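S.K.: What follows is a structure written as structure tokens; I'll ask about it next.
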Amino acid sequence: MLLGISAVMHLLVDGLCVCCLYLMAASSGVVGFVGVFLTYNILAFMTQPFTGLLVDKMERRHWVLLVSMSLLSIAVLAASMVVAAGTVKAGMLAVAVLLGFGNSLFHVWGGKQVVITHGNDMPALGLFVSTGALGLSLGVVFYSWFLLQAFLLVLCLLAVAYVGMDGRSDRSDRSVRSDRSDWNGGVEIASRYGMGFVLASMAALVAFVLFRSFTGELFSSGAGVGKTQVVVLLMGAVAMLGKMAGGWFAKWFGIVPSMVVVLLFVMVCFVVGGSNLAILLTGIFMTNCTMPVTLYLANVVLEGKEGLAFGILAAALIPGYLLAVF
């Protein structure tokens, strides 16, 4: 139940953020929208290692969730005020900052919370991270003030419900982990193999995530394919299904065999993609299959610092995205 609620909240958070930005862009004639959108993305992702460190140090992590909801609520209120006042150009940056920090806090809270409540389970990680892709597509295609307000209302209700339902919120991370027979994290890897091993492992994971972000954005850009509303929704749904499926593939068939097959498909789709929508969608699906696996491995390497692990990999998405865009 808690995992499902957090996954739905992820959809709503990402959908709310992009919906809010698109509404302001529609009111401002898109002047400066690229800069504001980049500001939002950089803050939402590049700050996650720092917010992740904060979450790792907190025993009562749900305060992070509540602060995130507050920032997102203020952002929605501010967006409606600046549009009504006709000062969109001046207010867009402030709203983007609020959305960025609210998004950052939510993501590291969710990434940490899933690990604590479900163990370092790849299908659980895949479910939580998957829904954001669909939320982005819904926000882009159907953005409206009604949708924005509905997203915010449901999001706040679910956040309150989550905090109320989570009976483990006052227990320490270590005691929760000791109850989980499916926790597969390494124990004190740094002391066993040295800090050099930890740094090298995280560097390899960051490089892989950067590559995934780069190829995923190239597939999503859909060169040669008309980006109709249906195509945008399809891409979001396929990305979501890929993240969900990747965790199960790795759990059923093993990390190495499943990832070898996935990467072979990605390379084939990358080479022959062109304007074929089916191949592009296959490439998006396969690329996203790797996401829960990299999260799992990062949590193994940085056991006890899952917020930091989530944040580092999230931050690695931005350089790959920018390389693909520019």
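The values are calculated or read from the model by the stated rules, or taken from the named source; none is laboratory data. Fair warning: this is a prediction, and the values are worked out from it, not measured in the lab. Heads up, the Cβs are rebuilt from the backbone with ideal geometry, glycines too, and the neighbour counts pull from every protein chain shown. To get the accessible areas, we keep the full protein, side chains included, count just its heavy atoms, and leave off ligands, DNA and RNA. Shrake-Rupley method; radii C 1.70, N 1.55, O 1.52, S 1.80 Å.
S.K.: What length, rounded to one decimal in nm, is gained on full extension from ALA94 through to VAL154, with 0.36 nm per residue of separation minus their alpha-carbon distance? Write down the numbers at each step before the final one.
M.R.: Details: separation 60, 0.36 × 60 = 21.60 nm, distance 2.37 nm.
Full extension of this stretch gives 19.2 nm more.
S.K.: Within the accessible area of the range 1-139, what % is carbon and sulfur when the probe is 1.4 Å and the other protein chains stay in place?
M.R.: On the way: 3540 of 4630 Å².
Reported share for carbon and sulfur atoms: 77 percent.
S.K.: State the extension gain, in nm to one decimal, for the chain segment bounded by SER70 and MET58, taking 0.36 nm per residue of separation less the distance between their alpha-carbons.
M.R.: Numbers: separation 12, 0.36 × 12 = 4.32 nm, distance 1.83 nm.
My answer for the length gained is 2.5 nm.
S.K.: What are the extents of the Cα atoms of the range 193-326 along their three principal axes, listed from largest to smallest and rounded to whole Å?
M.R.: 50, 35, 24
S.K.: While we're on this one: Kindly report the accessible area of the range 1-88 per residue (heavy atoms of protein chains, probe 1.4 Å, no ligands, DNA or RNA), in Å².
M.R.: Working: 3620 Å² over 88 residues.
Per-residue value: 41 Å².
S.K.: Can you tell me which lysines have their Cα less than 21 Å from the Cα of LYS243? Leave out same-chain residues fewer than eight positions away.
M.R.: LYS112, LYS251
S.K.: Something else: Stick to the Cα atoms of the chain, pair each with every other, and give me the Kirkwood hydrodynamic radius in Å at one decimal.
M.R.: Taking every pair of different Cα atoms in the chain, averaging 1/r and inverting gives 20.0 Å.
S.K.: Mind putting a number on the dipole of the chain about its Cα centre? Charges go on the C-beta only, +1 for Lys and Arg and -1 for Asp and Glu, and I need it in Debye to the nearest 20.
M.R.: 100 debye
S.K.: Take peptides 36-44, 104-112 and line them up by average Cβ neighbours within 10 Å, highest first, as a rough protection proxy. Present the calculation step by step, with values, prior to reporting the outcome.
M.R.: Numbers: 36-44: 19.9, 104-112: 27.7.
Per-residue Cβ counts within 10 Å, averaged per peptide and sorted highest first, yield 104-112, 36-44.
S.K.: Given the rule -39500 (n - 2.57) for each run of at least 4 DSSP H residues, summed and divided by the residues of the chain, what is its mean residue ellipticity at 222 nm, to the nearest 500 deg cm²/dmol?
M.R.: It lands at -28500 deg cm²/dmol.
S.K.: What value in Å³ per residue do you get for the convex hull of the alpha-carbon atoms in the range 1-101?
M.R.: Details: hull volume 9.2 nm³, N = 101.
With only Cα atoms used, the range 1-101 gives 91 Å³ per residue.
S.K.: Now, a different point. Using 1/(1 + (r/R0)^6) with R0 = 51 angstrom and r between the beta carbons of MET1 and THR87, what's the FRET efficiency to the nearest 0.05? Could the numbers behind the result be given before it?
M.R.: Details: r = 43 Å, r/R0 = 0.84.
For MET1 and THR87, the calculated efficiency is 0.75.
S.K.: Starting from the Cα gyration tensor of the range 277-326, take the square roots of the eigenvalues, sort them a ≥ b ≥ c, and report rounded, prolate or oblate (rounded when a/c is under 1.5, otherwise prolate if a/b is larger than b/c, else oblate).
M.R.: Values: a/c = 4.76, a/b = 1.65, b/c = 2.88.
Verdict is oblate for the range 277-326.
S.K.: Can you tell me which lysines have their Cα less than 30 Å from the Cα of LYS89? Leave out same-chain residues fewer than eight positions away.
M.R.: Cα-Cα hits under 30 Å: LYS227.
S.K.: If you don't mind, another one. Span-like helices, the chain: DSSP H, alpha-carbon axial extent 24 Å or more, mean Kyte-Doolittle 0.0 or greater, which ones?
M.R.: Numbers: long enough: 2-28 (39 Å, 1.82); 62-85 (34 Å, 2.08); 88-118 (43 Å, 1.04); 122-142 (31 Å, 1.77); 145-165 (30 Å, 2.31); 195-221 (39 Å, 1.49); 229-253 (35 Å, 1.28); 255-272 (26 Å, 3.07); 306-325 (29 Å, 1.82).
Helices passing the filter in the chain: 2-28, 62-85, 88-118, 122-142, 145-165, 195-221, 229-253, 255-272, 306-325.
S.K.: Still on this structure, I have one more. Tell me, what is the per residue accessible area of the range 231-326 in Å², probe radius 1.4 Å? Don't skip to the answer; put the middle values down first.
M.R.: Working: 3930 Å² over 96 residues.
Value returned for the range 231-326: 41 Å² of accessible area per residue.
S.K.: Evaluate the distance, in nm, between pseudo-label points positioned 7 Å from the Cα of VAL260 and of THR228 along their respective Cα→Cβ axes.
M.R.: Label at VAL260, label at THR228, 4.1 nm between them.
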